[in-house]
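The values are calculated or read from the model by the stated rules, or taken from the named source; none is laboratory data. All of these numbers come straight from a predicted model, not from anything done at the bench. Cβ placement follows ideal geometry from the backbone for every residue including glycine, while neighbour counts extend to all protein chains displayed. Accessible surface areas use protein heavy atoms only, side chains included; no ligands, DNA or RNA. Shrake-Rupley method; radii C 1.70, N 1.55, O 1.52, S 1.80 Å.
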Amino acid sequence: MSDSSGSAAVESPEATPPAGGNGEPLVRAENVWKIFGQKADRVIGTPDAELSRSELHDKTGCVIAVRDVSLEIMPGEVFVVMGLSGSGKSTLVRTLIRLIEPSAGKITITGHDVMEADASELRELRRHSVSMVFQHFGLLAHRRVIDNVAFGLEIQGVGKAERLARASEVLGLVGLEDVANSFPDQLSGGMQQRVGLARAFAVDPQLMLYDEPFSALDPLIRRDMQDEVVRLQEETGKTMLFITHDLPEALRLGDRIAIMRDGAIVQLGSPEELVGSPANDYVRNFVRDIPRTHVLTLRWIMRDPRPGEESGGPELDVKTTVKDAVPVAAATDGPIRAVENGRCVGIVDRVSILQAMAGGPEDSGGGS
């Protein structure tokens with residue numbers, strides 16, 4: 001993969017998808033392209049494919065929306081695709097389930113070959129395996145909340161009693177059981193988006209797709225909805241693909257994050273990797289205002305234990321952020337043991353914490 005400047009997209013070794021299920025990705029996309037224009041089929045595989053967006057458009061009239069994207073999403077993972085407007089993130093998500101037809105590439109979801117699926121198979125995939133949550137709620141104004149939540153099950157042909165029971169159960173999950181018989185226009189924007197979440201969860205999908213669902217909400221409600229997504233993922237273990245243009249939202253939600261520019265992924269990694277080791281100036285500019293100590297953990301700054309350091313003294317979980325380790329470091333003269341599953345995996349001292357607080361990306365330890 002490459003961005004418009006020709007630099008290779010970066011995925012560091014630590015960005016390996018987390019293990020889950022049987023070890024097979026729930027979603028796999030390989031070399032996916034989407035090119036709009038009358039001559040799109042003549043671009044891929046030619047030197048024109050290496051042109052920037054503006055150069056290609058000037059030469060052929062075509063626009064590359066998704067450029068040679070490959071990714072894997074593991075069961076139970078929250079995978080975030082982020083980028084500015086026009087970066088291709090929403091188009092990418094729509095190509096994965098062929099709401100927009102890809103120009104080229106291979107796509108599998110839950111083991112099904114999406115590219116070879118006929119219209120009937122695609123409908124089944126979208127009805128049973130995948131649910132989407134959009135910025136615009138799309139609620140049916142003339143139906144009660146519980147009927148809105150049950151709508152996907154109705155489309156599936158589930159009987160009324162069964163679908164209402166499931167809808168009631170999911171409304172309890174998102175804390176809306178008290179408004180089951182209300183109508184959407186009686187609810188606040190945040191509550192309406194919770195109804196949208198409940199509707200998506202009601203069909204018990206294997207994959208949840210979120211396309212900038214909270215961007216129209218005010219900051220406080222948006223924060224609450226992010227909390228809700230985190231909680232629901234922890235409680236249900238659903239695999240989630242989340243699209244956003246907001247970096248703090250991406251860092252808060254994502255196990256891994258892919259940053260897109262001009263249709264290509266320019267870096268794919270964990271929040272720590274993006275903040276601690278940006279791949280290029282474009283990513284570095286994205287993360288420059290993010291407090292490093294709020295994102296980097298002890299794993300990023302620790303060193304190997306020396307003889308005698310593996311026991312005694314304070315210890316913190318290796319996932320503790322640098323910010324949360326500061327009070328502990330201030331209260332002791334000795335090193336802090338970074339612990340994972342009861343075992344010391346590294347050592348952190350005041351010097352490494354101060355370096356993480358004061359240094360730029362090049363000064364960080366970069367993990368072990």
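Does Val158 count as without any contact (Cβ under 8 Å) to a residue 24 or more places away in the chain and open to solvent by less than 40 Å² (accessible area, probe 1.4 Å)? Spelling it out, Val158 is indeed without any contact (Cβ under 8 Å) to a residue 24 or more places away in the chain and open to solvent by less than 40 Å² (accessible area, probe 1.4 Å). Summed over region 343-366, residues that are at pLDDT 80 or above and open to solvent by 50 Å² or more (accessible area, probe 1.4 Å) total 5. Checked against (1) surrounded by fewer than 19 Cβ atoms within 10 Å (Cβ to Cβ); (2) within 25 Å of Glu212 (Cβ to Cβ); (3) of a type outside the set (D, E, K, R), Gly23 meets all criteria but (2).
Taken over region 238-263, the criterion of being under 24 Å from Ser54 (Cα atoms) and of a type in the set (A, V, I, L, M, F, W, C) is satisfied by Ala258, Ile259, Met260. How do the pairs read when you match residues in region 186-211 that are within 15 Å of Ser168 (Cα to Cα) and open to solvent by less than 10 Å² (accessible area, probe 1.4 Å) with residues anywhere that are at pLDDT 90 or above and basic (Lys, Arg), using Cβ under 8 Å and keeping only pairs 6 or more apart or on different chains? Pairs that qualify, where the first residue is within 15 Å of Ser168 (Cα to Cα) and open to solvent by less than 10 Å² (accessible area, probe 1.4 Å) and the partner is at pLDDT 90 or above and basic (Lys, Arg), are Phe201/Lys238; Ala202/Arg163; Ala202/Arg166. Residue count for region 140-155 satisfying the condition of being open to solvent by 30 Å² or more (accessible area, probe 1.4 Å) and either touching a Lys or Arg at 6+ places or on another chain (Cβ under 8 Å) or part of a helix (DSSP H, G or I) (or both): 4.
Can you tell me which residue within region 116-139, out of those that are in a loop (DSSP other than H, G, I, E, B) and crowded, with 16+ Cβ neighbours inside 10 Å, is modelled with the lowest pLDDT? Across region 116-139, the extreme among qualifying residues is Phe137. Mind listing whichever residues of region 220-230 are open to solvent by less than 30 Å² (accessible area, probe 1.4 Å) and either at pLDDT 90 or above or under 22 Å from Ser87 (Cβ atoms) (or both)? Those that are open to solvent by less than 30 Å² (accessible area, probe 1.4 Å) and either at pLDDT 90 or above or under 22 Å from Ser87 (Cβ atoms) (or both): Gln226, Val229. Considering (1) buried (at least 24 other Cβ atoms within 10 Å of the Cβ); (2) in a loop (DSSP other than H, G, I, E, B); (3) of a type in the set (A, V, I, L, M, F, W, C), the lone condition that Leu217 does not fulfil carries the number (1). In contact with a strand residue (DSSP E or B) (Cβ under 9 Å, 6 or more places away or on another chain), under 16 Å from Lys238 (Cβ atoms), aromatic (Phe, Trp, Tyr) and in contact (Cβ under 8 Å) with a residue 24 or more places away in the chain - does that describe any residue in region 133-152? Within region 133-152, none of the residues are in contact with a strand residue (DSSP E or B) (Cβ under 9 Å, 6 or more places away or on another chain), under 16 Å from Lys238 (Cβ atoms), aromatic (Phe, Trp, Tyr) and in contact (Cβ under 8 Å) with a residue 24 or more places away in the chain.
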